[in-house]
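*Asks:* Can you keep this structure in mind? I'll have questions shortly.
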Amino acid sequence: MLRYALQRFALSVVIVMVAIAILIVMLHVVPGDPAVMILGPRATPELIAQTRQSMGLDQPLPIQILTFFGNILHGDLGRDVFTNRSVAQIVFEQLPYTLVLISVAILWSAALGIALGCYSALRRNTWLDTLSGILSVGTISIPSFVMALYAVLVFAVWLGWLPSIGAGEGLGGSIIHLILPAFAIGISWVGYVARMVRASMLEVMSYAHVRMARAFGLRERLITTSHILRIAVQPAVTLIGTGVAHLFSAAVFVEVIFARPGIGALIVQSVNERNYPIVLGAVLVTTAIIVLATLISDLVIAWLDPRQREEL
Amino acid sequence: MNETSATSPTAPDADDRLLSEPSLLTRSLRLVGGNRSGAIGFVLVALIVFAAIFAPWLAPYDPTAIMTGPRMAPPSPEHWLGTDNLGRDLLSRVIAGGRVAMLVAAAALGAALTGGLSLGLIAGLGPRWLDNTLLLIFDALRSFPTIVFGLAVVTIIGPSLFTVILVVAITSIPIYARIVRTQTLALKNVEFILAERAMGAGIARILFVHVLPNVLGPLLILASMDVPLVIATEAGLSFLGMGVRPPTPSWGVILNDGYNFIRNSPWPVISGSIPIILVTLGFTFMGEALRDIFDPRLRRTH
């Protein structure tokens, strides 16, 4: 298990490094000069040359990539173009808001989704099974930012039940301000997870080891939890692991729509200001978290199902 | 949904089928006829494509003309979906936005299919090191969230219709390429391909006669199911002001106007979102039906 974990970790580090390299290469191959982008069309050639130098853009491409990797090891992601503050500091100030938002979203939706999926598989064709089937088709076809707009429209504008602007003050305020955003991001995952768990439960229920457990007279509850669900939950775990990327995309919209602080709002603001170092730093941190989430979900599956440890 | 398609249409003539397999067209019609959601999907997609092609003739007003009626009007006989904050006719804007959405979807998926096919074939047939390098790049590209990656690209080349197409193409290529690669690797050592090679068939013949037809079907079905994703990405980036730029109507731009005036009128948000939801339902249902028709092995077990 440890060997497997280490191998997977090494691969993840390489993937993140390649992702960064791709971004830096893209910056080079596309027409246009980031220095000109930042300074605007009327900047003097001297100023452009100076900015290029301070951003390290005058160096050859491989050197730039290596310098960037070296700086990351020192925890240095570059400097804000306007305020000269450390990008790492700015990004890590905003990151907790986003992490809390997507964790809450995925926790409530995965818990409800797995429960609904289990129930639907064990009690097929009951009204709750049918309802969750219809609900999942309906919610999956609504993109999260449209869902967020409707959440604002219905619960904040029409009903006036919940606030729709900002992240709130204090613990109580933060929780109340988190409800609508977490709902908007999570709702489509409930249906997704429920359908997936239902389908894989039905498949696993027909496996030989389940029949054997039943023949041995194990209690139904024990069979369901430790012999069926343990295997049947795996596709959902993979789905959530790879879904973290979608969660970050959804967080961008939800943070903008609910005027919340967070890494998504930071990226949008920095794109508007053409603050390239912050965009690069924020994309890098997001990508690293996504790769880490995929790694964790693979390890969870390896822990749930020893058969998976063999393959890399 | 799929249970009906699997059983009802073929049940009565099960014996005949052993003697003569009905043509693909017959089977398709039966499946679509017996599959309610598939039929709904085909109708929705047909309507949307029709509206996109004939947009300029269908729209009752010029989609960018301001003050065609009162501002923020609710639906009325003159303006079926109401008007926005500049008094523009929402129905005309939704129809024109559909044209933009379809254009982006066609261009982006076309580029993604072409890129995915060629890179996948190169990875599958090329030497080991090339395969590994490409796989690593695919994995790295897949670890960017589409919207975040899109925003990074916008910082570099600025917002435009082309940027949206580029972003979707780059983020979709790895997915298609991986499928093509797996299929190619699986086919590489199958006996009939080995036999062809033993008979002296060149790589081009093997590619075009054997590999491509096997790979293309599942790929096209996947692409049709990806249309909603592309459209949501276009609408999302345009909503943030990072995609299609304002005077051009796009569903995302309509939604952004609606968001800015959400406390004054719900109609722009409602009319900008309904086509996105209908497109998603239409293409998803159609994709599932297509999958059932062309590749029963891929049928999801419910």
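The values are calculated or read from the model by the stated rules, or taken from the named source; none is laboratory data. The structure displayed is predicted, hence computed values, not measured ones. Note that each Cβ is placed from the backbone with ideal geometry, even for glycine, and that neighbours are counted across all protein chains shown. Note: accessible area is taken over every heavy atom of the protein model, side chains too, but ligands, DNA and RNA are not part of it. Shrake-Rupley method; radii C 1.70, N 1.55, O 1.52, S 1.80 Å.
Yes or no, residue by residue, for (1) open to solvent by 10 Å² or more (accessible area, probe 1.4 Å); (2) within 11 Å of chain B (Cβ to nearest Cβ); (3) in a helix (DSSP H, G or I); (4) farther than 21 Å from residue A:302 by Cα:
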{"residue": "A:194", "(1), (2), (3), (4)": "no, no, yes, yes"}
{"residue": "A:202", "(1), (2), (3), (4)": "yes, yes, yes, yes"}
{"residue": "A:209", "(1), (2), (3), (4)": "yes, no, yes, no"}
{"residue": "A:226", "(1), (2), (3), (4)": "yes, no, yes, no"}
{"residue": "A:239", "(1), (2), (3), (4)": "yes, no, yes, no"}
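*Asks:* Within region A:259-266, can one find any residue that is facing chain B (nearest Cβ under 9 Å) and either at pLDDT 85 or above or at positive phi (or both)?
*Replies:* Of the residues in region A:259-266, the ones facing chain B (nearest Cβ under 9 Å) are A:263-264.
From the residues that got through so far, the ones that are either at pLDDT 85 or above or at positive phi (or both) too are A:263-264.
Yes, region A:259-266 contains a residue that is facing chain B (nearest Cβ under 9 Å) and either at pLDDT 85 or above or at positive phi (or both).
*Asks:* Could we say that residue A:165 is more than 24 Å from residue A:111 (Cβ to Cβ) and open to solvent by 20 Å² or more (accessible area, probe 1.4 Å) here? Steps first, answer last, please.
*Replies:* Numbers: more than 24 Å from residue A:111 (Cβ to Cβ): yes; open to solvent by 20 Å² or more (accessible area, probe 1.4 Å): yes.
For residue A:165, the condition - more than 24 Å from residue A:111 (Cβ to Cβ) and open to solvent by 20 Å² or more (accessible area, probe 1.4 Å) - is met.
*Asks:* Being open to solvent by less than 10 Å² (accessible area, probe 1.4 Å) and among the polar types (S, T, N, Q) is the filter; apply it to region A:77-126 and report the residue that is farthest from residue B:148 (Cα to Cα).
*Replies:* Checked region A:77-126; the qualifying residue farthest from residue B:148 (Cα to Cα) is A:120.
*Asks:* Filter region B:48-103 down to the residues that are of a type in the set (S, T, N, Q) and under 24 Å from residue B:232 (Cβ atoms), then identify the one that is least open to solvent (accessible area, probe 1.4 Å).
*Replies:* As a first pass, look at region B:48-103 and keep what is of a type in the set (S, T, N, Q): B:64, B:68, B:76, B:83, B:85, B:92.
From what is left, the residues that are under 24 Å from residue B:232 (Cβ atoms) are B:64, B:85, B:92.
Details: B:64: 64, B:85: 25, B:92: 0 Å².
My answer is B:92.
*Asks:* For region B:7-15, indicate whether the set of residues that are among the aliphatic types (A, V, I, L, M), open to solvent by less than 60 Å² (accessible area, probe 1.4 Å) and at pLDDT 75 or above is non-empty. Give the steps one after another, and end with the answer.
*Replies:* Here is the first cut: in region B:7-15, the residues among the aliphatic types (A, V, I, L, M) are B:11, B:14.
If we keep only those that are open to solvent by less than 60 Å² (accessible area, probe 1.4 Å) too, we end up with B:14.
Now drop any that are not at pLDDT 75 or above, which leaves none.
No, that holds for no residue.
*Asks:* Residue by residue through region B:136-168, note down the ones that are open to solvent by 10 Å² or more (accessible area, probe 1.4 Å), part of a helix (DSSP H, G or I) and more than 10 Å from chain A (Cβ to nearest Cβ).
*Replies:* B:161, B:162, B:165
*Asks:* When you check residue B:125 against the structure, is it surrounded by fewer than 16 Cβ atoms within 10 Å (Cβ to Cβ), hydrophobic (A, V, I, L, M, F, W, C) and at pLDDT below 90, yes or no? Lay out the reasoning, then the answer.
*Replies:* Numbers: surrounded by fewer than 16 Cβ atoms within 10 Å (Cβ to Cβ): no; hydrophobic (A, V, I, L, M, F, W, C): yes; at pLDDT below 90: yes.
Criteria not met by residue B:125.
*Asks:* Considering every residue within region A:141-156, establish whether at least one is assigned to a helix (DSSP H, G or I) and not hydrophobic (A, V, I, L, M, F, W, C).
*Replies:* Of region A:141-156, the ones assigned to a helix (DSSP H, G or I) are A:144-156.
Among the residues that remain, those that are also not hydrophobic (A, V, I, L, M, F, W, C) are: A:144, A:150.
Looking for residues that are assigned to a helix (DSSP H, G or I) and not hydrophobic (A, V, I, L, M, F, W, C), one finds at least one in region A:141-156, hence yes.
*Asks:* Right, here's the next one. Hey, does region A:23-33 have a residue that's more than 14 Å from chain B (Cβ to nearest Cβ) and not in a helix (DSSP H, G or I)? Spell out how you get there, then give the answer.
*Replies:* So in region A:23-33, the residues more than 14 Å from chain B (Cβ to nearest Cβ) come out as none.
No, because not a single residue in region A:23-33 is more than 14 Å from chain B (Cβ to nearest Cβ) and not in a helix (DSSP H, G or I).
Let's see how each residue does on (1) free of Cβ contacts under 8 Å to residues at least 12 places away in the same chain; (2) surrounded by 11 or more Cβ atoms within 10 Å (Cβ to Cβ):
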| position | (1), (2) |
| --- | --- |
| B:175 | no, yes |
| B:180 | no, yes |
| B:191 | yes, no |
| B:194 | yes, yes |
| B:211 | no, yes |
| B:219 | no, yes |
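*Asks:* Same structure again: Between a first residue in region A:158-178 that is more than 14 Å from chain B (Cβ to nearest Cβ) and in a loop (DSSP other than H, G, I, E, B) and a second residue that is of a type in the set (Phe, Trp, Tyr) and open to solvent by 80 Å² or more (accessible area, probe 1.4 Å), which pairs have beta carbons less than 8 Å apart while being 6 or more apart in sequence or on different chains?
*Replies:* If the second residue must be of a type in the set (Phe, Trp, Tyr) and open to solvent by 80 Å² or more (accessible area, probe 1.4 Å), the pairs left are A:167/A:97.
*Asks:* Further, regarding this structure: Picking from A:110, A:151, which residue would you name as being more than 19 Å from residue A:257 (Cα to Cα) and of a type in the set (A, V, I, L, M)?
*Replies:* Numbers: A:151 fails: more than 19 Å from residue A:257 (Cα to Cα).
A:110 is the lone residue from the list that is more than 19 Å from residue A:257 (Cα to Cα) and of a type in the set (A, V, I, L, M).
*Asks:* Also, quick follow-up: Somewhere in region B:271-283, is a residue touching a Lys or Arg at 6+ places or on another chain (Cβ under 6 Å), within 18 Å of residue B:42 (Cβ to Cβ) and aliphatic (A, V, I, L, M)?
*Replies:* Residues of region B:271-283 touching a Lys or Arg at 6+ places or on another chain (Cβ under 6 Å): none.
Checking region B:271-283: not a single residue is touching a Lys or Arg at 6+ places or on another chain (Cβ under 6 Å), within 18 Å of residue B:42 (Cβ to Cβ) and aliphatic (A, V, I, L, M).
*Asks:* Residues in region A:107-154 that are more than 14 Å from chain B (Cβ to nearest Cβ) and closer than 24 Å to residue A:285 by Cβ: how many? Steps first, answer last, please.
*Replies:* Within region A:107-154, the subset more than 14 Å from chain B (Cβ to nearest Cβ) is A:107-116, A:118-119, A:122-123, A:126-128, A:131.
Within this subset, residues satisfying the condition of being closer than 24 Å to residue A:285 by Cβ are A:107, A:109-110.
Residues that pass the stated criteria total 3.
*Asks:* Taking the residues in region A:259-278 that are more than 15 Å from residue A:94 (Cα to Cα) and not in a helix (DSSP H, G or I) as candidates, determine which candidate is most open to solvent (accessible area, probe 1.4 Å). Walk me through it before giving the result.
*Replies:* Step one: list which residues in region A:259-278 are more than 15 Å from residue A:94 (Cα to Cα), which gives A:271-277.
Of the ones still in play, those that are also not in a helix (DSSP H, G or I) are A:273-275.
Numbers: A:273: 75, A:274: 56, A:275: 2 Å².
Result: A:273.
*Asks:* Taking the condition of being open to solvent by less than 20 Å² (accessible area, probe 1.4 Å) and touching a Phe, Trp or Tyr at 6+ places or on another chain (Cβ under 9 Å), how many residues in region A:132-142 meet it? Break it down into steps so the answer makes sense when it comes.
*Replies:* Of the residues in region A:132-142, the ones open to solvent by less than 20 Å² (accessible area, probe 1.4 Å) are A:132-133, A:136, A:139, A:141.
Next, from what is left, pick out any that are touching a Phe, Trp or Tyr at 6+ places or on another chain (Cβ under 9 Å): A:132, A:136, A:139.
The number of residues fulfilling the criteria is 3.
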